[in-house]
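Have a look at the structure below before the remarks.
The values are calculated or read from the model by the stated rules, or taken from the named source; none is laboratory data. Keep in mind the model is a prediction, meaning the values are calculated, not measured. Reconstructed Cβ throughout: ideal geometry from the backbone, glycine too, with neighbour counts over all protein chains shown.
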């Protein structure tokens, strides 16, 4: 598919350069936790991995390094801009074992019995029919293969400390807008039953929450999203512009207080295995 003929399938917060940069920051914050999670899930040299909803390819590059020259990564992503960024990154770093596939996960022709592992982070919470996507993933797994999932289970647990009622009201509006668009921010709570119904054995579940002071690198992840998303919500009329500006002011006030904390929304990391 040529670049000229590929329409952009964007996301609510966009696929522009600033969002690609923000996703890079997000990946760097989460990278230590994710690498340990992959290790516990048995990811190793020579495997074939599907990166489902690969974005601009930050995780795909790490996966490609782990599986090595004998392995391969199928990076499935619907955004043409993200796929292009992924390809540019892979070329720049000399990564030859990533195959970029431009497709929505609901439309993807999941290859039967192709993957040893499937990595999916913050995707099922956004799709209209997560069960359909999961059925495709199960079909794509080899017997004995496993899904490695990373999804929110309690988005409303995102707090500033000391508590701030205005910020919590903003988080509630994010959740309402998310659900109005057909997604489910707390999809992690539904995953154990969905996975079991599909015949998978849940091998590992762990919650991950960060508590960060303003001088902690982790602080940058939730607060950068809070700022950028507030302006997106103001632009599309979900919140008034003055509220977006107020979120900026609140975050600046908390960042000036070294005793402040941000508590990140709860994430579940799940390993679910297909019987051999």
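Residue pairs whose Cβ atoms lie under 6 Å apart, sitting 6 or more positions apart in sequence or on different chains, and linking a residue in region 67-96 that is at positive phi and surrounded by fewer than 16 Cβ atoms within 10 Å (Cβ to Cβ) to a partner that is in a loop (DSSP other than H, G, I, E, B) and modelled with pLDDT of 95 or more, are 68/45. Only residues that are under 25 Å from residue 177 (Cα atoms) and assigned to a loop (DSSP other than H, G, I, E, B) were counted across region 234-276, and they come to 7.
Tallying residues that are free of Cβ contacts under 8 Å to residues at least 24 places away in the same chain, farther than 30 Å from residue 257 by Cα and under 18 Å from the mean Cα position of the chain (by Cα) within region 171-191 yields 1. The strands (runs of 3 or more DSSP E) located wholly in region 71-129 that include 1 or more residues which are in contact with a strand residue (DSSP E or B) (Cβ under 8 Å, 6 or more places away or on another chain) and under 26 Å from residue 154 (Cα atoms) occupy 72-77, 115-121.
Taking the criterion of being in a loop (DSSP other than H, G, I, E, B) and surrounded by fewer than 21 Cβ atoms within 10 Å (Cβ to Cβ), the residues of region 44-64 that qualify are 44, 45, 46, 47. Candidates 177, 157: the one that is surrounded by 18 or more Cβ atoms within 10 Å (Cβ to Cβ) and under 26 Å from residue 230 (Cα atoms) is 177. If the condition is being under 15 Å from residue 257 (Cβ atoms) and in a helix (DSSP H, G or I), then region 210-227 contributes 219, 223. Total residues in region 136-152 satisfying the condition of being surrounded by fewer than 21 Cβ atoms within 10 Å (Cβ to Cβ) and in contact (Cβ under 8 Å) with a residue 60 or more places away in the chain: the figure is 4. Within region 182-202, the set of residues being touching a strand residue (DSSP E or B) at 6+ places or on another chain (Cβ under 8 Å) and in a loop (DSSP other than H, G, I, E, B) comprises 185, 186, 200. Which condition from (1) at pLDDT 95 or above; (2) under 25 Å from residue 135 (Cα atoms); (3) under 17 Å from the mean Cα position of the chain (by Cα) is the one that residue 62 breaks? It is condition (2) that residue 62 fails. Among residues of region 192-205 that are within 11 Å of residue 149 (Cα to Cα), those with a beta-carbon under 8 Å from a residue that is part of a loop (DSSP other than H, G, I, E, B) at least six positions away or on a different chain give the pairs 204/41. Scanning region 67-89 for residues that are over 18 Å from residue 17 (Cβ atoms) and touching a helix residue (DSSP H, G or I) at 6+ places or on another chain (Cβ under 7 Å) returns 73, 75. Could you list, in sequence order, all residues of region 160-170 that are in a helix (DSSP H, G or I), in contact (Cβ under 8 Å) with a residue 60 or more places away in the chain and surrounded by fewer than 20 Cβ atoms within 10 Å (Cβ to Cβ)? Selection gives 166, 167.
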